[in-house]
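The values are calculated or read from the model by the stated rules, or taken from the named source; none is laboratory data. In this text, all values refer to a predicted model and were calculated from it rather than measured experimentally. Methodologically, a virtual Cβ is constructed for each residue, glycine included, from the backbone with ideal geometry; neighbour enumeration extends over all protein chains shown. Calculation scope for accessible area: heavy atoms of the full protein, side chains included, ligands and nucleic acids excluded. Shrake-Rupley method; radii C 1.70, N 1.55, O 1.52, S 1.80 Å.
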Amino acid sequence: MSLKIVISGFYGLGNTGDEAILEAIIDNLRAELPNPDITVFSLSPEQTAKAHGVKSVYRGWRHDNKGKIRALREADLLISGGGGLLQDTYPTRFLFGPLPYYLLIVFLAKLCGTKVMFFSQGIGPVNTTWGKILMKVFANMADFITVRDAYSKQLLHELGVTRPETVVTADIVFAFHHKEDNACLESLPLRGDEQLVAVSVRPWLDRHDYYGKIADALDQLIELEGITPVFVPMEGHHDVRASERVVEQMKHRSACHILGPDFTPNQYLHFISQCRLTIGMRLHSLIFSALTGVPHIGLSYDPKVESLLKRSGMWDYSFRLEEIDVDRLVNNARSMLAERETVSAVVQNNAKQMRQEAMENIRLLKEKFFPQGEDRR
């Protein structure tokens with residue numbers, strides 16, 4: 001009999017990191033469980049169903065609530081995650097906003113008699129009084145929790161989420177099944193001998209000062225090292241526009257390229273694997289770099305990014321967003337390019353450990369919820 005699993009997350013909205021999380025969850029469930037029957041709550045259900053060969057139900061409250069209830073009632077397990085779902089950086093108004101949405105899905109699952117696992121989640125920030133109340137009431141309904149960093153576990157306990165057992169693992173994307181696909185490279189007018197540097201920038205709140213600093217650093221690296229910066233938009237037109245804002249401020253803008261926003265997570269990951277270096281803001285651009293042994297300089301706007309950089313061994317080369325020093329950024333990039341093999345070996349070694357920790361998400365899921373499905377043979 002097939003094990004029925006519903007996956008709830010930030011899916012079907014074109015965010016590369018979240019789509020990579022979904023692909024990693026589905027691939028690993030299929031590799032480790034006997035014929036799982038998977039339904040995904042998605043904002044683009046037809047697209048999600050086609051991309052992954054799963055069932056999919058519209059995730060919002062506007063329609064198909066019967067479909068959501070039916071899926072949860074029939075399911076053996078709701079996987080809530082992964083990613084940074086439980087946070088109130090985005091406005092939380094009563095039952096509107098990411099935090100109430102994901103917790104209400106959990107509540108609905110429990111009303112339907114379905115078990116719940118928070119899976120490979122990054123928790124926080126949760127700063128509003130209402131957000132803290134929602135977490136204490138609804139997150140304690142989960143049957144089991146894995147989080148991708150120690151900061152998230154600590155925050156859960158501070159928020160009073162103490163009933164479910166909570167285990168620190170790693171982001172499930174570290175268990176991503178990388179497939180060779182040169183679509184990104186083939187989309188660019190390259191000769192083939194370029195020293196490619198992947199650049200990932202995003203808009204962040206109402207801050208704009210970092211665009212000029214990144215532009216200045218890239219100009220210097222083009223002059224000193226002859227690099228070819230390629231911007232990788234991890235969240236569609238938002239990141240394309242942020243990339244354009246950097247390029248507009250560059251002297252050597254003709255040396256840069258911006259990838260299109262519609263490639264798959266695997267295509268972006270494979271492109272990054274072909275680069276000499278990554279300079280990135282987006283968490284999953286840095287995870288893709290770590291996963292493929294590419295040295296990376298992170299520009300951290302959030303504790304989750306800093307946490308990842310410490311685990312990948314790249315924090316000493318990296319910066320908090322508000323503390324970017326252009327000269328140091330250029331020097332760090334140059335030393336990484338000069339010592340690339342040595343730095344890459346450090347990254348690969350740390351990523352190997354994080355891959356094992358990422359696979360713990362799946363092992364623990366099997367142990368806690370499907371012990372009878374442990375042996376596929």
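Quick notes
- When the Cα positions of I297, L111, H237 are compared along the charge dipole of the chain, L111 comes out farthest toward the positive end, with charges on each C-beta of Lys, Arg, Asp and Glu.
- Building the convex hull from the alpha-carbon atoms of the chain and averaging its projection over directions returns 18.2 nm².
- Pairs from the list K153/K213; K50/K179; K110/K153; K132/K368; K66/K153 with a Cα-Cα gap above 24 Å: K153/K213; K132/K368; K66/K153.
- For the stretch 213-338, averaging the sequence separation of C-alpha pairs within contact (under 8 Å, six or more residues apart) and dividing by the residue count gives a relative contact order of 23 percent.
- The stretch 1-150, accessible surface, carbon-and-sulfur percent (1.4 angstrom probe): 56
- Take each peptide in 38-47, 351-360, 78-87, count the other Cβ atoms within 10 Å of every residue, and average; sorted highest first, the result is 78-87, 38-47, 351-360.
- Overall shape: oblate for the stretch 73-172, with the ratio a/c of the largest to smallest alpha carbon gyration tensor axis at 1.5 or above and b/c at least equal to a/b.
- Contact order relative to length of the chain, as percent, for alpha carbon pairs under 8 angstrom and 6 or more apart: 15
- Karplus-derived 3J(HN,Hα), 6.51/-1.76/1.60, for each residue of the stretch 212-228, Hz, glycine and proline x: x, 5, 5, 4, 4, 4, 5, 4, 5, 5, 5, 5, 8, 10, x, 6, 10
- Top positive-direction residue, dipole computed over the chain with Cβ charges, set I38, M141, T92: M141
- Share of carbon and sulfur in the accessible heavy-atom surface of the stretch 333-374 [1.4 Å probe, %]: 45
- Where K304, K55 fall by accessible area, highest first, once all protein chains stay in place (1.4 Å): K55, K304
- Taking chymotrypsin sites (Phe, Trp or Tyr not before Pro) across the stretch 77-146, the ones in a DSSP loop with at most 13 further Cβ atoms lying within 10 angstrom of their Cβ are F94.
- Between the Cα long axis of helix 303-312 and the first principal axis of the chain there is an angle of about 70°, rounded to the nearest 10.
- Put H63, H52 in order of accessible area, highest first, and with a 1.4 Å probe you get H63, H52.
- A Cβ-based charge dipole, computed about the Cα centre of the stretch 18-71 with Lys and Arg at +1 and Asp and Glu at -1, lands at about 400 debye.
- Amide H to amide H, with H built 1.01 Å from N, F144 comes under 5 Å of V116, F118, counting only residues 5 or more places away or on other chains.
- Close amide H partners of V168, meaning residues 5 or more places away or on another chain with modelled amide H under 5 Å apart, are V147.
- Prolate/oblate/rounded label for the stretch 184-313 (Cα gyration tensor, a/c 1.5): rounded
- Sparsely packed loop sites in the stretch 180-274 (the GluC sites (Glu not before Pro) outside DSSP H, G, I, E and B with at most 14 other Cβ atoms within 10 Å) comprise E180, E248.
- Per-residue SASA entry for D216, accessible area with 1.4 Å probe, Å² rounded to 10: 70
- Derived scalar couplings ³J(HN,Hα) [the stretch 50-57; Karplus, 6.51 cos²θ - 1.76 cosθ + 1.60; whole Hz; x for Gly, Pro]: 5, 5, 10, x, 10, 7, 8, 10
- Student exercise, the chain dipole from Lys, Arg, Asp, Glu Cβ charges, in Debye to nearest 20: 1400
- Anisotropy class of the stretch 171-246 from Cα gyration tensor, a/c 1.5 cut: oblate
- For the stretch 51-193, the Cβ-based charge dipole about the Cα centre amounts to some 760 debye (Lys, Arg positive; Asp, Glu negative; other atoms uncharged).
- Other residues within the sphere of radius under 9 Å centred on the Cβ of G82, judged by their own Cβ, net out at -1 (K and R +1, D and E -1).
- Counting Lys and Arg as +1 and Asp and Glu as -1 over every other residue whose Cβ lies under 13 Å from the Cβ of H157, the net charge comes to +2.
- From the alpha carbon centroid of the stretch 194-220 to that of the stretch 313-377 is 22 Å.
- By the helix-only formula, in which each DSSP H run with n ≥ 4 contributes -39500 (n - 2.57) and the sum is divided by residues, the chain has a 222 nm mean residue ellipticity of -14500 deg cm²/dmol.
- Relative to the longest principal axis of the Cα atoms of the chain, helix 98-111 runs at roughly 30 degrees.
- When the surface is traced with a 1.4 Å probe over the full set of protein chains, T342 keeps roughly 90 Å² accessible.
- Centre separation in Å (Cα based) which lies between the stretch 285-302 and the stretch 16-93: 26
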